[in-house]
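Heads up: the structure comes next, in structure tokens.
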Amino acid sequence: MKNLKFIFATAILATALIFGACKKDDKDDPVVTPTTTPDPSGSEEPSTLPAVEGTDGAVTLVVKFPSICEGYSIIFAGDYKESVDNGGVWADPDNSFGAAREFEAIGDGWYKIVMHVSDGAEAISGRPLQYSAADHQWSYDWAHDGSKLHLEKGGADDIFTDSGFGEVNLSIAAAYAEDAEVIYIIADEWNLAPCVERLAAGSYTFTINLPEPLPAGAELYFTGNFPEKDWGNSDRLMTKVSDTQYTWTGEIPENFECKVFYVLDGAQTWQDGSNIVPLAGETLSYNVTWPVPEVAE
């Protein structure tokens with residue numbers, strides 16, 4: 001009798017193992033179960049990841065943001081051009097991005113967006129921004145410091161990429177869509193503290209301080225999100241005050257961001273790091289640096 005019980009129990013265990021193995025390989029079941037992960041803010045309380053189902057043929061991005069300004073929503077802006085769900089295509093007013101779509105708030109600071117990879121594309125590239133539908137302005141980029149962005153589940157660390165302008169972009173391979181991947185990220189902060197008072201539109205003088213004189217023959221240009229010209233086509237030549245100080249005076253639009261570059265022999269060299277975001281009440285004098293030259297191996 002003991003032998004029969006042993007054989008019967010063994011048969012049940014074998015059946016369970018076979019069933020479990022089949023379920024593991026089943027890509028038609030993309031349901032993500034709730035899990036917990038240590039809170040990156042340093043609190044001993046763990047963060048609970050919301051249960052989100054994957055979507056066949058798409059990547060679902062689920063992000064927790066520190067806070068959102070009143071009147072703003074979260075968009076994903078980049079070279080992503082699909083418009084099959086979650087609000088369609090948003091037309092960027094200054095053509096900084098090919099397209100953008102809005103995240104859906106799912107509670108407790110979490111937002112999600114379902115993204116299908118464009119035909120022929122190898123990846124979905126871009127990053128979240130805050131967007132004001134009232135004045136069609138975007139701002140408040142997420143952390144430019146990669147250590148402030150935590151991949152909690154799904155994907156791999158290499159989805160975080162350097163845009164080349166000081167921002168952290170996402171590059172989500174098309175293969176993730178094939179597996180109906182759900183990717184969870186926690187962002188500790190935005191690069192600009194949310195909801196601070198921005199400089200109002202009007203006429204101002206901006207002062208730029210350089211670490212050293214420009215190369216002989218170089219000219220310094222002031223640029224920003226002006227409505228009539230895109231950033232790289234600026235013709236706002238700055239006035240030289242000294243070898244390391246320049247000024248520009250003129251009208252700026254609402255929600256202004258700016259940067260400088262110099263032109264030498266037809267080539268542009270841009271200020272290192274992120275955009276300058278002028279805030280109300282501050283002195284409009286900024287110290288800038290240039291990218292470290294690449295050394296040939």
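Readers should treat all values here as calculations from the given coordinates under stated rules, not as data from a laboratory. Here the structure is a predicted model, which means the values were calculated and not measured. For neighbour counting, all protein chains shown are included, and Cβ atoms are generated from backbone atoms with ideal geometry for every residue, glycine included.
Quick notes
- Ranked 238, 115, criterion: other C-beta atoms within 10 Å, fewest first: 238, 115
- Ordering 284, 49, 170, 237 by the number of other Cβ atoms within 10 Å of each residue's own Cβ, fewest first, gives 237, 284, 49, 170.
- With 0.36 nm allotted per residue and the present C-alpha distance subtracted, the residue 286-residue 161 stretch has 42.3 nm of extension available.
- Given in Å, the Rg to one decimal and the Dmax to the nearest whole number for the Cα atoms of segment 146-297 are 18.9, 58.
- With a Förster radius of 35 Å applied to the beta-carbon distance between residue 178 and residue 201, the computed FRET efficiency rounds to 0.15.
- Centroid-to-centroid, using Cα positions, segment 141-168 and segment 222-239 are 28 Å apart.
- Other residues within the sphere of radius under 14 Å centred on the Cβ of residue 211, judged by their own Cβ, net out at -3 (K and R +1, D and E -1).
- Each label was represented as a point 7 Å from its Cα along the Cα-to-Cβ direction; for residue 56 and residue 105 these points are 3.3 nm apart.
- Relative contact order (percent, whole number), segment 221-265, Cα cutoff 8 Å, 6+ residue spacing: 48
- Restricting the calculation to alpha carbons of segment 202-287 gives Rg and Dmax of 12.4, 38 angstrom.
- Packing, taken as the mean count of other beta carbons within 10 Å per residue, orders the peptides 149-158, 218-227 from highest to lowest as 218-227, 149-158.
- Treating each Cα of segment 172-247 as one equal point scatterer and applying the Debye formula with no solvent, the log10 of I(q)/I(0) at q = 0.11, 0.19 Å⁻¹ comes out as -0.59, -0.96.
- The protection proxy used here, the mean number of other Cβ atoms lying within 10 Å of each residue, ranks peptides 70-77, 286-293, 179-186, 191-198 as follows, highest first: 179-186, 70-77, 191-198, 286-293.
- For segment 218-228, putting each phi into the Karplus relation 6.51 cos²θ - 1.76 cosθ + 1.60 with θ = phi - 60° gives couplings of 7, 10, 9, 10, 9, 9, x, 8, 6, x, 8 Hz, in residue order, rounded to whole numbers and with x for Gly and Pro.
- Taking packing as the residue-averaged number of other Cβ atoms within 10 angstrom, the listed peptides 120-130, 264-274 run from highest to lowest as 120-130, 264-274.
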